[in-house]
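Trainee: Sharing a structure here in structure tokens format.
The values are calculated or read from the model by the stated rules, or taken from the named source; none is laboratory data. Just so we're clear, the structure is a prediction, and the values are computed from it rather than from any experiment. Positions of Cβ are generated from backbone atoms using ideal geometry, with glycine treated the same way; all protein chains shown enter the neighbour counts. Heads up: the accessible areas ignore ligands, DNA and RNA and are worked out on the full protein's heavy atoms, side chains in. Shrake-Rupley method; radii C 1.70, N 1.55, O 1.52, S 1.80 Å.
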Amino acid sequence: MSVRRKAVAASAVAAVALGAVAALPGAAAQAAVKPFTVTLGKPSASVLYPGGVSRTFLFKVTNNTGKAEKVSGDLGGSAKGAIALNGNDVRFSIAPVHAPKTAFQFGGEDGGMIGSFYPKGQEWGSYFTLPAHTSYTWKITVGLNKSWPVNDSRYYLFAGAHDDANHYASGMANFQAGSGRNGGPVVAKLTGGTTLKASAPVYETLTLTNRTGAAIRSSYEALGYGENTPGPGSDATIDYDLWNGHAWVPVKDSTLAHPTTWANGATLSYKLRVRVVGKVGTAGKLTLFVDGGATGRYISWGVSKDLQVVKG
């Protein structure tokens with residue numbers, strides 16, 4: 001997944017999870033209108049241990065109007081830390097307490113978790129009909145599986161509701177994951193030249209420091225470049241070479257291998273040569289970006305740099 005795609009995905013999840021009404025059409029006129037509200041009860045405990053017991057809390061949606069309101073349930077989850085989540089990291093269920101029979105879907109997507117709950121027997125995204133001045137209540141149960149990344153120190157679970165008129169309300173349960181001592185970033189820097197010619201490559205240095213609080217295992221970094229270059233009339237492609245201490249060697253499958261165990265606090269450094277292969281038409285801009293993976297997962301960070309591509 002590219003840095004740009006991850007940024008778009010992260011923005012979309014954040015907008016749903018936080019109920020960012022400013023991003024919704026007509027939200028300014030509706031900001032003061034609250035046809036329904038949501039309430040999250042206090043979880044049975046605030047710490048989740050990988051492979052440990054689950055925690056429960058109540059989720060309530062209240063219709064504040066004098067007419068029936070159609071609402072659909074939204075779910076989201078994210079971690080504090082650099083290692084992305086997948087659908088196997090979290091145990092989750094939702095059961096009606098005072099509400100119609102309920103079905104749900106909830107799983108990993110783009111490094112976080114996203115889902116929905118809706119009337120049982122209906123399609124994903126279907127609406128509950130909430131009578132006037134009435135509340136529906138569900139019990140949410142959540143736990144961490146043994147696969148939970150030890151680098152991540154917190155788990156944020158969002159639950160909300162929306163209708164078809166762009167009204168949205170949500171709440172968040174904030175759990176400490178394990179010891180809570182980890183959860184830092186991977187610090188990335190990309191330094192070097194800024195102009196790339198067909199006759200002259202550009203040299204870049206990529207440095208990565210593990211500040212996540214724990215080792216990262218079986219990781220790699222993926223290289224990519226923007227499609228907005230080298231410009232109209234070009235048949236050029238971009239190739240990468242890695243300095244191995246003795247010679248420049250092609251980067252295989254656009255990936256840079258890491259040690260099997262990348263220790264906490266350790267810095268990795270790569271010297272890269274970026275080359276244009278083929279004809280450059282008009283001048284253009286190339287965006288070099290790098291993102292990574294660990295134990296089959298994406299690392300939730302990326303670094304990019306714009307290069308000018310010129311003829312010659």
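Trainee: Give me the residue from the stretch 280-304 that is at pLDDT 80 or above and assigned to a loop (DSSP other than H, G, I, E, B) and, out of that set, surrounded by the most Cβ atoms within 10 Å (Cβ to Cβ).
Mentor: Ranking the candidates gives Thr295 first.
Trainee: Here's a follow-up. Out of the stretch 174-198, which residues are in contact with a Phe, Trp or Tyr (Cβ under 8 Å, 6 or more places away or on another chain) and either surrounded by fewer than 14 Cβ atoms within 10 Å (Cβ to Cβ) or charged (D, E, K, R) (or both)?
Mentor: The one that is in contact with a Phe, Trp or Tyr (Cβ under 8 Å, 6 or more places away or on another chain) and either surrounded by fewer than 14 Cβ atoms within 10 Å (Cβ to Cβ) or charged (D, E, K, R) (or both): Asn174.
Conditions tested, residue by residue: (1) more than 28 Å from Ser179 (Cβ to Cβ); (2) of a type in the set (A, V, I, L, M).
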| site | (1), (2) |
| --- | --- |
| Ser44 | no, no |
| Val47 | no, yes |
| Thr56 | no, no |
| Ser72 | yes, no |
| Leu75 | no, yes |
| Ile83 | no, yes |
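Trainee: Please go through the stretch 140-166 and give me each residue that is at pLDDT 95 or above and touching a helix residue (DSSP H, G or I) at 6+ places or on another chain (Cβ under 8 Å), ordered by number.
Mentor: Tyr156, Phe158, Gly160
Trainee: Does Lys139 fit the bill of being open to solvent by 40 Å² or more (accessible area, probe 1.4 Å) and under 30 Å from Arg181 (Cβ atoms)?
Mentor: On the way: open to solvent by 40 Å² or more (accessible area, probe 1.4 Å): yes; under 30 Å from Arg181 (Cβ atoms): no.
So Lys139 does not fit the description; no.
Trainee: Got a number for residues in the stretch 237-274 being surrounded by fewer than 12 Cβ atoms within 10 Å (Cβ to Cβ), under 18 Å from Gly224 (Cβ atoms) and hydroxyl-bearing (Ser, Thr, Tyr)?
Mentor: Qualifying residue count, the stretch 237-274: 1.
Trainee: Return the residues of the stretch 116-125 that are open to solvent by less than 30 Å² (accessible area, probe 1.4 Å), at pLDDT 95 or above and not hydrophobic (A, V, I, L, M, F, W, C); say none if nothing qualifies.
Mentor: Ser116, Tyr118, Pro119
Matching residues to (1) part of a loop (DSSP other than H, G, I, E, B); (2) open to solvent by 50 Å² or more (accessible area, probe 1.4 Å); (3) touching a Cys at 6+ places or on another chain (Cβ under 8 Å):
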position: Trp148; (1), (2), (3): yes, no, no
position: Asn151; (1), (2), (3): yes, no, no
position: Asn166; (1), (2), (3): yes, yes, no
position: Ala169; (1), (2), (3): no, no, no
position: Met172; (1), (2), (3): no, yes, no
position: Tyr203; (1), (2), (3): no, yes, no
position: Thr212; (1), (2), (3): yes, no, no
